[in-house]
Amino acid sequence: MMSAAVAVSDLRKTYSKPFSGKVVEAVGGVSFHVDEGESFAFLGPNGAGKTTTIKMLTGLIRPTSGTAKLLGNLIPSPQTMRDVGFLPENPYVYPYLTPREFVTMCAHLSGVPRGEVDLRVTKTIARVGMADAIDREVHKLSKGMTQRIGLAAALVHEPKLLILDEPMSGLDPVGRKDVRDLILEEKRLGRTVFFSTHVLADVEMLCDRVCILRKGKVAVEGKLSELLRDDTRRVEVVLENASVNLIDSMRAVGLAPRDIVNGVVVEVAGDALTRAVCEKAWAAGASVRGISQKRETLEDLFVREAL
Ligand SMILES: Nc1ncnc2c1ncn2[C@@H]1O[C@H](COP(=O)(O)OP(=O)(O)OP(=O)(O)O)[C@@H](O)[C@H]1O
Ligand SMILES: [Mg+2]
């Protein structure tokens, strides 16, 4: 059996509001595990408790109750953090250092052997696509560039476990692809990647398993392939020039046409109903732009489970 790189057991964090004494439960008893070598996405709407969980795991805040282990060691464990690469939600990169100086400092702090530091720093900064800006002061860099330097700082000591809080945040489409490639490469090297994100399309490309938090609790956890309903009988029919009357008549028989740009989409189950919808549409002067088999996406799952 594979050992867990991250094992979280009934982790809770509450904050008491000043004066009123009211208690806010940011994380309310969360349990999950991430196997070694896995890429695992930690999802959930704004305020679900992702960052709070990550802060507990990385020792920035103390849990109110519950336990967690990183690489087999109970948190907080400063020693274990040497084998962990951490990208915080808002990475603080010293503004008056250059990327080379900042990442060099991080390499020293995380125990990279002295003789290897220079080479590792240039290699890692090149890996995050920042070679051209290696000697430019950080305060002169854009938001996405600063995010990349944060990522370089998390990677420079070649950690066994990466914990990334929204690594794609602030990145342009090319930057997002770079980070996706980087995560895949880390996975190929046998490392474990645990990351939070709102970019669900990326998760479908990258992850073995996901955990969706909802109001501080685990709503679903598991393999994507097992969580996504594969209802092959459901079909989406895309119509153009559908009149209001046609749409109303579909609603009257229990269908739910959805507006899209230049048309509507109707979801139906089974061949007979598909044909009936098409015939009804043609009879009403609309055209059928497409018929496609519906497969549930992570977005559907997210909307179903997280909201
Ligand atoms: N220091 C704090 N004091 C009081 N409440 C807090 C504190 N930090 C977080 N919270 C609350 O805990 C809840 C979870 O916040 P958290 O930052 O973990 O969410 P998140 O899932 O990371 O959201 P996002 O997707 O927006 O980053 C929120 O309701 C937040 O207001
Ligand atoms: Mg967050």
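Values quoted throughout were computed directly from the atomic coordinates according to the rules given, and no laboratory measurement underlies them. A quick note: this is a predicted structure, and the numbers were derived from the prediction, not measured. Cβ placement follows ideal geometry from the backbone for every residue including glycine, while neighbour counts extend to all protein chains displayed.
From the Cα gyration tensor of segment 234-306, with a ≥ b ≥ c the square roots of its eigenvalues, which class applies: rounded if a/c is under 1.5, or else prolate if a/b is larger than b/c, or else oblate?
Prolate shape, in that a/c is at least 1.5 and a/b is the bigger ratio.
Listing LEU97, LEU189 from the residue with the fewest other Cβ atoms within 10 Å to the one with the most, what is the order?
LEU189, LEU97
For the chain, with a Gaussian network of springs between Cα atoms less than 10 Å apart, report the residue from ASP132, ASP178, ASP202 with the top mean-square fluctuation.
Comparing ASP132, ASP178, ASP202 in the GNM, the peak value goes to ASP132.
Going by Cα centres, segment 247-292 and segment 96-175 are how many Å apart?
Cα centroid of segment 247-292 versus Cα centroid of segment 96-175: 51 Å apart.
So, in Å, what gap is there between the alpha-carbon centers of segment 190-236 and segment 55-73?
If we compute the Cα centre of each part, the gap is 23 Å.
Within 10 Å of each candidate Cβ there may be at most 16 other Cβ atoms; applying that plus a DSSP loop requirement, which chymotrypsin sites (Phe, Trp or Tyr not before Pro) in segment 7-37 survive?
PHE19
If you build a Gaussian network model of the chain, linking Cα atoms that sit under 10 Å apart, which residue out of THR274, THR67, THR58 swings the most?
Sorting by GNM fluctuation, first place goes to THR274.
Which shape class applies to segment 99-207: rounded if a/c is under 1.5, otherwise prolate when a/b exceeds b/c and oblate if not, where a ≥ b ≥ c are the square roots of the Cα gyration tensor eigenvalues?
oblate
Any idea what the dipole of segment 4-227 comes to, in debye rounded to 20, about its Cα centre with Lys/Arg Cβ at +1 and Asp/Glu Cβ at -1?
For this selection, approximately 640 debye.
Using a Förster radius of 45 Å, what is the FRET efficiency between ALA131 and ILE260 based on their Cβ-Cβ separation? Nearest 0.05, please.
For ALA131 and ILE260, the calculated efficiency is 0.60.
Please compute the contact order of segment 45-184 in relative form: average sequence separation of alpha-carbon pairs under 8 Å and at least six residues apart, divided by the residue count, as a percent.
29 percent
Once amide H atoms are built 1.01 Å from N in the peptide plane, which residues 5 or more positions from VAL27, or in another chain, come under 5 Å H to H?
Hits under the 5 Å cutoff: LYS13.
Which far-off residues, 5 or more places away or on another chain, put their amide H under 5 Å from the one on LEU43, with H placed in the peptide plane?
CYS211, ILE212, LEU213
Of HIS198, HIS108, HIS33, which is the most mobile in a GNM of the chain whose springs link Cα atoms less than 10 angstrom apart?
Ranking HIS198, HIS108, HIS33 by mean-square fluctuation puts HIS108 first.
For all pairs of alpha-carbon atoms in the chain, what percent lies in each bin of width 10 Å, listed from the first bin to the last filled one?
P(r) for the chain, in whole percents per bin: 6, 23, 26, 20, 14, 9, 3, 0.
At 7 Å along Cα-to-Cβ for each site, give me the label-to-label distance between ARG295 and THR14 in nm.
4.4 nm
Once amide H atoms are built 1.01 Å from N in the peptide plane, which residues 5 or more positions from ASP35, or in another chain, come under 5 Å H to H?
ALA5
Grab the other residues whose beta carbon is less than 13 angstrom from that of LEU119, score K and R as +1, D and E as -1, and report the net.
Here the count lands on +2.
Would you kindly derive the ³J(HN,Hα) couplings of segment 90-105 from the backbone phi angles with the Karplus curve 6.51 cos²θ - 1.76 cosθ + 1.60 (θ = phi - 60°), listing them in order in whole Hz, with x for Gly and Pro?
Once rounded to whole Hz, the list reads 10, x, 8, 10, 3, x, 9, 9, 8, x, 4, 5, 5, 5, 4, 4.
Grab the other residues whose beta carbon is less than 9 angstrom from that of MET168, score K and R as +1, D and E as -1, and report the net.
Around MET168, the charge tally is 0.
Percent relative contact order of the chain, based on C-alpha pairs within less than 8 angstrom and at least six residues apart?
With pairs under 8 Å counted, the relative contact order is 20 percent.
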